[in-house]
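What follows is calculated from the coordinates using simple rules that are stated; it is not laboratory data. Quick caveat: nothing in here was measured; it's all calculated off a predicted structure. Positions of Cβ are backbone-derived with ideal geometry, glycine not excepted, and every protein chain shown enters the neighbour counts.
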Amino acid sequence: MNVIILGPQGSGKGTQAQLLVQKMGLIHLEMGKILRSVALENNNQYAKIVSGTINKGELVPDEYVRLIAWDFINKHNAKNNGFLLEGYPRTLAQYEQVEDMFRKFGKRIDWVINIEISERETIGRLSSRRTCEKCGSVFNLITNPPKNADKCDVCGGRLVQRDDDQPEAIKRRLQIYRGQTQPVFEKAKELGIGIEIDGERPIEVIHEEILSKLI
């Protein structure tokens, strides 16, 4: 089974992705993590362009993302229960890339999950997020608070609010998501493979509903 999981910032899609990977034995293609890893690999042919665009705060061009995704799928294609894609595809063009890649491997996209939360909920969740300056650990003052409000539980580093977790920055990112990524789910619904999930409920309730629709 091959699944794509979508959702606006703060929707909890990363948490649900991890739970599905553990439960169903899927290979987790987490594009953000993969790109950060590529940027640090001195011997990777894509490292220079990826690190350069990330450092500028820009999106890695589609063609490089496609090639990196292809390498990952090719590497993990043999003997697995399927893939779970998180953070990719972000646009209809990228969705078509994924369709084409899977087709070449004799696979298909089985389901596209969209975890939906309101703009108000997104702003509330992300505005409460704090990130460690030293190790990058992330906490949430509401759902996952640190023991000390301004100190990281992991390394003791200072916790800060990132610029892109300010309300106005969050609204801009939401506009981009609604304009570019939401159409991916609309296409999935047209194809009969879209699953919409209310993300404003307890983690375990959301997980059980997703499983009930996939299995």
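Compute the longest continuous run of the chain that contains no exposed trypsin sites (Lys or Arg not before Pro); treat a site as exposed when its DSSP state is not H, G, I, E or B and it has at most 14 other Cβ atoms within 10 Å.
1-55
Whole Å is fine, so just give me how far the alpha carbon centre of segment 35-88 lies from that of segment 131-167.
27
How big is the charge dipole of segment 51-143 about its Cα centre, in debye rounded to the nearest 20, if each Lys and Arg gets +1 on its Cβ and each Asp and Glu gets -1 on its Cβ?
For segment 51-143, the charge dipole is close to 340 debye.
What distance in nm separates the simple spin-label points at Ser127 and Arg103, each placed 7 Å from Cα in the Cβ direction?
Inter-label distance under the simple model: 4.5 nm.
If each DSSP helix of 4+ residues adds -39,500 (n - 2.57) and the sum is divided by the residues in the chain, what number results at 222 nm, nearest 500 deg cm²/dmol?
Roughly -14000 deg cm²/dmol at 222 nm, from the helical runs in the chain.
Once the Cβ-Cβ distance between Glu119 and Trp70 is put in as r, and R0 is 45 Å, what FRET efficiency do you end up with, to the nearest 0.05?
Once rounded, the FRET efficiency stands at 0.85.
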